[in-house]
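Have a look at the structure below before the remarks.
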Amino acid sequence: MSSINPTPRDYNKARVLDVVLSRAPLTRNKLIELTGLSKATVSRAVEDLRSDGFVVDGGVDAVAGRGRPSTYLDVPQTAGHVVGVSFGALTTGVLVTDLRGREIESVVAPTVEHPDIPAAGRWLADLIARTRASARGPLRQIVVALPAHVRDGAEVFRPADPMTIFSGSGLHAVVEELVDAPVTFDSDANASLLQVLTDDPSIHNAALFSVSSTLNFATCTDRELARGRTPAFGDIGSLSSGIHDRTLNGLLSTAGLAEFAREHGLDTERVEDLSRTSSDHRARAETLEAFTTAVTTAVRIVAVTLDPEAVYFVGRLRPLVDEVLPEVRKRLEHSLPAVPRITTVSQVLGLSVASGAVHACLAMTHSRLRDALLKARAQDPTKDQVAPAF
């Protein structure tokens, strides 16, 4: 069988597929505007995609006065679904959506401690299976976000202390085998930053600190997440905080900050107890001073090396960041020629990170479907109208 390159018609169809997946529901006129293609070309591509099962007629766009109403084009739920997972040290959230990002089901559950990776993988795969039970069409992609550094979408480095058994690629292999679908691991910071970028399309260059069970970091340039060649990339937590021998992770993680507070005389097991301690308590004041220094150091590092327009903080320590931000800004104004916008982002426990993971799922799925469409002719060049193996 000889191969043949995709034709202009294939590329037009792929362009229409891209826009439909990312912008539906939309009218044919809007589709023509967004693709820049002619009415006849768009109509032909739409009918091809309708045959493939990726386009259906949705509602009707009512018009005032004279004129014919336009029918919306939509993506059916039978085209498939994706799953975003926030696999945290304390809580696990699972969010299932269709290929348009419409929620089908979600669940938030306490993370169960397991003695080994196979047991943890089975628990996570079962939670995913139960959550997606009502979804239709094929499972296209799963993205699991963890409080850890992740390389090549599978290998876990330096996870939060309660999850150290997941170091390596064993958990990824177990989950992918059990769910029989593409599985990608990523950091919770990357997923959180994706959600921020989705909520605010005006942001192009940003940095984000996830301050929870462990300190995690993400950054983007021109809205593209930065990913390093080695696990050292983004390991900002190993740098000095500016407080004696404490690293940034030792003060900007829940366990590290709680330990610092206990060493300075604050009787606390959980960092959340700091919020309930009197503001004039000496040990609390010392802890907040160290925390302020660590936040200032972290922002200064990314400001001088990455030049972001905005720096975000998310996670369980977010309320404390809010408390110290005025002082942090004041200190930075004395040491930097320009201070980036610094803000905290509130999250829905378990689901905000899962939502960011869903956005990653959708981007991967859309790209894979487009590639499948363009490769289809090479697989069978004898067909004039190719229906890809979607």
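A few notes on this one:
- Between the alpha-carbon centres of the range 171-231 and the range 278-346 there is a gap of 22 Å.
- Glu105 sits with roughly 80 Å² accessible to a 1.4 Å probe, with DNA, RNA and ligands left out of the calculation.
- Heavy-atom accessible surface of the chain, averaged per residue, reaches 46 Å², computed with a 1.4 Å probe.
- Candidate aspartates and glutamates - alpha carbon under 12 Å from Lys13, same-chain residues fewer than 8 apart omitted: Glu47, Asp48, Asp52, Asp371
- GNM result for the chain, Cα springs below 10 Å: residue of Gly250, Gly265, Gly80 fluctuating most strongly: Gly265
- Fraction of accessible area attributable to carbon and sulfur, the chain (%, probe 1.4 Å): 50 percent
- Backbone N atoms of the range 2-38 closer than 19 Å to the 7 Å Cα→Cβ label point of Thr78 belong to residues 21, 25.
- In the chain, helices alone account for a calculated mean residue ellipticity at 222 nm of -13500 deg cm²/dmol, with every DSSP H run of four or more residues adding -39,500 (n - 2.57).
- Largest mean-square fluctuation among Val112, Val20, Val94, in a Gaussian network model of the chain whose springs join Cα atoms under 10 Å apart, belongs to Val112.
- Of the listed residues Thr254, Thr343, the order by accessible area with a 1.4 Å probe, largest first, is Thr343, Thr254.
- Taken one residue at a time, the phi angles of the range 149-156 give Karplus couplings (6.51, -1.76, 1.60, θ = phi - 60°) of 8, 10, 10, 6, x, 8, 8, 9 Hz. Gly and Pro are set to x.
- FRET efficiency, Ala226 to Leu349 (Cβ-Cβ, R0 35 Å, nearest 0.05): 0.85
- Rounded to 0.05, the FRET efficiency of the Thr27 and Glu289 pair, given R0 = 56 Å and the Cβ-Cβ distance, is 0.45.
- Structural descriptor for the range 121-182: relative contact order 38 percent, calculated from alpha carbon pairs under 8 angstrom and at least 6 residues apart.
- Stretchable slack from Ala181 to Ala133, in nm (0.36 nm times residue separation minus alpha-carbon distance): 15.8 nm
- Two-site FRET efficiency, Arg50 against Asp126, from Cβ-Cβ distance with R₀ of 25 Å, rounded to 0.05: 0.10
The values are calculated or read from the model by the stated rules, or taken from the named source; none is laboratory data. Here the structure is a predicted model, which means the values were calculated and not measured. Ideal geometry is used to build each Cβ from the backbone, glycine not excepted, and the neighbour counts take in all protein chains shown. Heavy atoms of the whole protein, side chains included, go into the accessibility calculation; ligands, DNA and RNA do not. Shrake-Rupley method; radii C 1.70, N 1.55, O 1.52, S 1.80 Å.
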